[in-house]
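The values are calculated or read from the model by the stated rules, or taken from the named source; none is laboratory data. Keep in mind that what you see is a predicted model, and the values were worked out from it rather than measured. Cβ: placed from backbone, ideal geometry, glycine included. Neighbour counts: every protein chain shown. Heads up: the accessible areas ignore ligands, DNA and RNA and are worked out on the full protein's heavy atoms, side chains in. Shrake-Rupley method; radii C 1.70, N 1.55, O 1.52, S 1.80 Å.
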Amino acid sequence: MVVFAKGSIIDKFGELNNDEIDALVEIREKLSKDIFENVYHKKDALFEILRILLVHWFRRSGSLQLSKLEQLSGYSYPTVAATINKLDDYLIRYSDRSVELKSFPQRNWLKLITMSDETRLVFGYWAYRPKSMEDLIKRVQERHENDIAFGGIIGARYYLPGIDLVGIHRIDLTVLKWDSSKIETLIRELDPGLKKIERGTLPQVVVHNLTRSESLFSQGEKFNIADEVECLLDLHEARLESPFSDLLEHCKEQVNR
């Protein structure tokens, strides 16, 4: 008998043969997928769809078909269409059922910022005697995984090299649809001394879990970088308001160049 909790094995009784171990792997993957889709599903479609539209607008990537938004966000077509209607004042609609932002959606952006603390899937960690930030960064790089990226201060410096930031007081990582056990494994590999933050403690490593189908990561020289909106939300979450404003203005200026 094997006991699961939240998709992870917490206890087992008896010895397993090879066939049973293979079956166990399949069961665990299925349980983890179901938990992620059902328990950790996004709370508000507007939050996710607006983020996707903003990333494409910042990058001047052109319009997006509603079916593509459905695929990226993980929401049904009726939900996507209803959400798009809420953003209608800021959108250009095309005859092929594609849309794009025509200007920065200030009112909805403020709503997004307000919602971010509740809607993002955030895991914060700290250690009494943490490893150096350089060592943690190197350990992430050594994993060579496509579904993890640096955000926060590191990401902000990628998008705006001259941004006014001194040092790195925390590392923000963005992962794509990871279950909790995979996140915990990552943290143990980075630094076994890292523990989940307690009330009143500041995190030294923060993991943000994306729920959409595609990461929208940028390819940095040495590692992946989380998208512009993700990095902005990281700076806001860390209360780095001045760099947050600088990066936001830079991203908006890039659109008009």
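Scan region 73-84 and give yes if some residue there is under 26 Å from Val206 (Cα atoms), within 20 Å of the chain's Cα centre (by Cα) and open to solvent by 30 Å² or more (accessible area, probe 1.4 Å), otherwise no.
The answer is yes, given that some residue of region 73-84 is under 26 Å from Val206 (Cα atoms), within 20 Å of the chain's Cα centre (by Cα) and open to solvent by 30 Å² or more (accessible area, probe 1.4 Å).
Can you pull out every residue in region 66-97 that is polar (S, T, N, Q) and closer than 19 Å to Ser213 by Cα?
Let us first name the residues in region 66-97 that are polar (S, T, N, Q), namely 67, 71, 73, 76, 79, 83, 85, 95.
Residues satisfying the conditions are Ser67, Gln71, Ser73, Ser76, Thr79, Thr83.
Which one is least open to solvent (accessible area, probe 1.4 Å) among residues in region 144-193 that are among the hydroxyl-bearing types (Ser, Thr, Tyr) and under 28 Å from Glu249 (Cβ atoms)?
Thr174
Name, by its number, the condition in (1) surrounded by 14 or more Cβ atoms within 10 Å (Cβ to Cβ); (2) part of a helix (DSSP H, G or I); (3) without any contact (Cβ under 8 Å) to a residue 60 or more places away in the chain; (4) of a type outside the set (Val, Ile, Thr) that does not hold for Leu50.
The single condition Leu50 does not satisfy is (3).
Give the residue that is farthest from Asn85 (Cα to Cα), with candidates limited to residues of region 97-114 that are crowded, with 17+ Cβ neighbours inside 10 Å and not polar (S, T, N, Q).
The selected residue is Leu112.
Can you go through Glu253, Glu237, Glu221, Glu228 and tell me which one is in contact (Cβ under 8 Å) with a residue 40 or more places away in the chain, among the charged types (D, E, K, R) and closer than 18 Å to Pro161 by Cβ?
The match here is Glu228.
I'd like to verify a number: residues in region 230-245 that are part of a helix (DSSP H, G or I), surrounded by fewer than 18 Cβ atoms within 10 Å (Cβ to Cβ) and among the charged types (D, E, K, R), how many?
So the answer is 1.
Taking the options Ser213, Ser181, name whichever one is of a type in the set (Ser, Thr, Tyr), touching a helix residue (DSSP H, G or I) at 6+ places or on another chain (Cβ under 9 Å) and not in a loop (DSSP other than H, G, I, E, B).
Ser181
Select from region 184-203 the residues that are part of a helix (DSSP H, G or I) and either among the charged types (D, E, K, R) or out of contact with any strand residue (DSSP E or B) (no Cβ under 9 Å at 6 or more places or on another chain) (or both) and list them in ascending order.
Initially, region 184-203 is screened for residues part of a helix (DSSP H, G or I), giving 184-190.
Once the filter is applied, which keeps residues that are part of a helix (DSSP H, G or I) and either among the charged types (D, E, K, R) or out of contact with any strand residue (DSSP E or B) (no Cβ under 9 Å at 6 or more places or on another chain) (or both), region 184-203 yields Glu184, Thr185, Arg188, Glu189.
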